[in-house]
Amino acid sequence: MSSVTLALAALACVALAGSVPAEAAPRQAVRVTDFGALPDDEADDTAGVLAALDRCAESGARRLVFPPGRYRFRAGANPRSQSVLFPVTRLDGLTIEGVGAELVCSGITGVFAFDHCRSLRVRGLSIDWDRPPFSIGRVVAAAPRHFDVEMEEGYPVEGGEPVQAFMSYDPKTRLPARRGLDVYGAVTSTELVRPGVLRVRLSRDIAVPVGVLMALRHQVYAYNAFELHRCRDVVVEDCTVYTCPGMGLAALVCEDVTLRRFRVLLRPGTNRVLSATADGSHFGGCKGTVRLEGCVFEGMGDDGANIKSGLYLTVRRIADERVVLAQHSLKMADVPDPGDRLEVSHPEDLLPYATLRVRKAELLPEDGMHRVELENPLPADLREGDVLGNASRAPKVRISDCVVRRNRARGMLLQTRDVRVERCRFEDCTSGAVYVMTEIVHFNESIGTRDVVVRDCVAENCNYGAAMGDGALMVFAWLRDFAAPPRPGVHRNVRLERNTVRGTDNCAIFVSGTQGITLKGNVIEQACRKPTGDQGRSAVAIRSSSGILLEGNRIDPGRQGAGFESAVTLAEDCVVVEPAR
C-alpha cells in the first residue's frame, strides 16, 4: 500500500502527445493490429499498441480495439516510461475494448496508467504474466538465518532474485497457513544451491518449518495492472487480472469509478496460490461514488478492496495563524486541493474538533513536507502532532454481489463515508472479512467513517492467519501504539445487519470507538475457535461505544468454537439502547 502514491504520482511525467477533443471522431475505431500489434505470435507488441494510442490522440478516435488473441509485452519496451507500458494522459472519452484479448507481460512493469482522463471505459481485457512475479515451492531445509525452497513447476530460478515478502501455505489445502509466516523486509539475498532449489538468506532469526509451501513475492507494490490518477467517470468491466507485480487496480484522487465484473483470479489450470501480489483494488482520496458490482478478488497478497479518504497528515509546525507544515508518517504525498475540507483531530482520541478549508497547498522538496494554507484561522487548541483528515475526499461507496477469497489480509477496508456493502461473500481471508476502520499506527489511513451499512453478507473461515484482528467483522480505530479509542465518536452510525459469520478464531463481531452501532439479525457460528486473548472468547465484543442496538442476532452457544465463553461482552463504558417495540 505504501507505494501506491509514489507509483501514481509518477504519471504526471508521462503523456501522450496531441490530445484532441473526444467529440472530433468518437465512433471511429483504431485496431492495434493495424499498427503491428499482432496476437498469437512471439513478437513484442508494445510499439504497436503505443502507435495505436497515439493515433487515437492525434485523430480524435475514441475506440481502441484489441482483436481476440494473446498479445505479448516486455518490461522496458516503452521508451517513454520505464515503469509502465501504456501511459495515457488527458485523453477524454476513450473506450478500450478487448473481448477475447489477453495481454501477457514479462518482467516488472505496470500495464495501463491513466492520468487526468474523463469518461474512460475499459472492457473485456485479460492480463497475465508469462513468469509470475512470485515463486512457489516447498521448504526442504531451514536454519535460523536461511531456508531452502524447492520450486514447483513453472517457477524457474537462477539465484539473485529479490524477495520482498514471503508467506507460508498449507501444502494440502494450498490456503495461507493457519497462524503461519507472513514476513516482509527480512530477505538479504538469494542463491541457487542446486537446480530448482533457492536459498533465501535472512537478516534476522526466523523459524521456518520444513515441509510448508512457501510463496516468495519478488515484487509486492508499485507495478499495477490498471492505475487511475485524477480521472473522472471511469467504468472498468469484464476484465480479469491473473497476476501483476502490484495491485489489480489502483485509483488515486479520482471521481466516480465503477468496477463491474472486475476479477482478480488464480489462473485456472495452474498451481498458483497468488494472483496480484498486492491489493485486488485500492482507492485513495477519491470523490463522487466508488462502485464495485459483481467483482471477484481471489488469492491476492493483500486486501480485496481498500477504500479510504486518503492519508492523515500530522501537523509538524504551525507557521502562522493560517499556515501549517504537515507530513505523513511515512513521508508519502497526499496534497489537498483548494477548497478541500480538512478535519482536525488530536491523536489521543481521533475525534474531529475543527474543520478547516484549504486555500492552497503544496508539497515541499524536503522529506514529504506539505505546506497547507487555510482560508480560516487555525483553531486555538491546534497543536503539533494533531492530524488532518481530508473529508472532501470521502467517496460514497456502493458494493454489491462481490466475492473475496483465499487472500492474505482483509476482504475489504472501508475508510470513507456513506457506504453500502450488500450480498457479498468472504471466504478464507487470513484477516477479517470487513474492516470499518481508521488508524494512525503505520500507514495513517483516514478517515473516521459515517453512515456505513454492511448487510446480507457471509464471512466463512476468515481471520485465522498470521495477520489476525479482533474480529471477522470489525468497526474500530487504532490510535498510537495500537491503542483503542477512549470514547465513542470516531465512527458514527454503523449498521451490521443480516450477516452470517461462520468460522473465525476470535470474535465474529468487534466494535470500538463508535457512536451509533446497530447489530441486527446476524447469525454467528463457530466463533472463538482459537482466541488470541480473552477478548476473543466472545462472539460479539463491544467497547468504548454508545447508541448500541442489539436485536435479533442468533448466537447458539452449542454451535461456537472451542474458545467460546460468552455471546456478547460489553465494556463498562458502553451505552445500550432498547430496541423499539
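Numbers for the structure displayed
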item	result
Pairs with Cβ under 9 Å, 6+ apart, first in the stretch 187-208 and in contact (Cβ under 8 Å) with a residue 24 or more places away in the chain, second open to solvent by 50 Å² or more (accessible area, probe 1.4 Å) and hydrophobic (A, V, I, L, M, F, W, C)	V197/V140; L198/L192; R199/L192; R199/V193
Members of the stretch 185-244 that are aliphatic (A, V, I, L, M) and touching a helix residue (DSSP H, G or I) at 6+ places or on another chain (Cβ under 9 Å)	A222, L228
So L350, is it at pLDDT 95 or above, part of a loop (DSSP other than H, G, I, E, B) and crowded, with 24+ Cβ neighbours inside 10 Å	yes
Qualifying residue in the stretch 184-202 (condition: basic (K, R), closer than 25 Å to G469 by Cα and open to solvent by 60 Å² or more (accessible area, probe 1.4 Å))	no
Hits in the stretch 85-104 (condition: open to solvent by 10 Å² or more (accessible area, probe 1.4 Å) and either touching a Phe, Trp or Tyr at 6+ places or on another chain (Cβ under 8 Å) or over 13 Å from R31 (Cα atoms) (or both))	T89, R90, D92, G93, E97, G100, E102
Top-ranked residue of the stretch 471-485 - restricted to ones that are surrounded by 17 or more Cβ atoms within 10 Å (Cβ to Cβ) and over 12 Å from I517 (Cβ atoms), ranked as farthest from the chain's Cα centre (by Cα)	P485
Single residue of the stretch 232-254 satisfying the filter (out of contact with any Ser or Thr (no Cβ under 9 Å at 6 or more places or on another chain) and of a type outside the set (D, E, K, R)) that is surrounded by the most Cβ atoms within 10 Å (Cβ to Cβ)	C254
Selection within the stretch 384-413 - of a type in the set (A, V, I, L, M), in a strand (DSSP E or B) and within 15 Å of the chain's Cα centre (by Cα)	V397, I399, V403, V404, M412, L413
The stretch 207-231, residues that are among the β-branched types (V, I, T) and either under 30 Å from V290 (Cα atoms) or surrounded by 18 or more Cβ atoms within 10 Å (Cβ to Cβ) (or both)	V208, V212, V220
Unique match (being open to solvent by 10 Å² or more (accessible area, probe 1.4 Å), of a type in the set (A, V, I, L, M, F, W, C) and in contact with a Ser or Thr (Cβ under 8 Å, 6 or more places away or on another chain)) among V436, V458	V458
Residue that is nearest to Y223 (Cα to Cα), among those in the stretch 40-83 that are part of a strand (DSSP E or B) and open to solvent by 10 Å² or more (accessible area, probe 1.4 Å)	R74
Scan of the stretch 159-182 for residues that are within 20 Å of the chain's Cα centre (by Cα) and farther than 17 Å from R138 by Cβ, ordered by number	Q164, A165, D182
Residues being open to solvent by 10 Å² or more (accessible area, probe 1.4 Å), under 22 Å from D130 (Cβ atoms) and part of a strand (DSSP E or B) - total across the stretch 255-268	1
Qualifying residue in the stretch 269-282 (condition: open to solvent by 30 Å² or more (accessible area, probe 1.4 Å), under 30 Å from E191 (Cα atoms) and free of Cβ contacts under 8 Å to residues at least 60 places away in the same chain)	yes
Residues satisfying the stated conditions in the stretch 283-300, i.e. open to solvent by less than 20 Å² (accessible area, probe 1.4 Å), out of contact with any Phe, Trp or Tyr (no Cβ under 8 Å at 6 or more places or on another chain) and not in a strand (DSSP E or B)	G285, C286, G299, M300
Yes/no for L120 being closer than 30 Å to G288 by Cβ and part of a strand (DSSP E or B)	yes
Residue list for the stretch 530-581, restricted to those being small (G, A, S), closer than 19 Å to V436 by Cβ and in a loop (DSSP other than H, G, I, E, B)	S544, S545, A571
Filtered residue count, the stretch 110-137, keeping only those that are surrounded by fewer than 24 Cβ atoms within 10 Å (Cβ to Cβ) and polar (S, T, N, Q)	2
Pairs, first in contact (Cβ under 8 Å) with a residue 24 or more places away in the chain and outside any strand (DSSP E or B) in the stretch 474-486, second open to solvent by less than 70 Å² (accessible area, probe 1.4 Å) and β-branched (V, I, T), C-beta under 8 Å, six or more apart	L479/I440; L479/V441; R480/I440; R480/V441; D481/V441; F482/V441
Boolean, R492 is basic (K, R), open to solvent by 40 Å² or more (accessible area, probe 1.4 Å) and over 19 Å from V344 (Cα atoms)	no
Residue satisfying all of: in the stretch 138-174; charged (D, E, K, R), under 25 Å from I108 (Cα atoms) and in contact with a Lys or Arg (Cβ under 9 Å, 6 or more places away or on another chain); least open to solvent (accessible area, probe 1.4 Å) among these	D148
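The values are calculated or read from the model by the stated rules, or taken from the named source; none is laboratory data. This one's a predicted model, so the numbers in the text were calculated from it and none came from an experiment. Cβ atoms come from the backbone with ideal geometry, glycine included; neighbour counts cover every protein chain shown. Heavy atoms of the whole protein, side chains included, go into the accessibility calculation; ligands, DNA and RNA do not. Shrake-Rupley method; radii C 1.70, N 1.55, O 1.52, S 1.80 Å.
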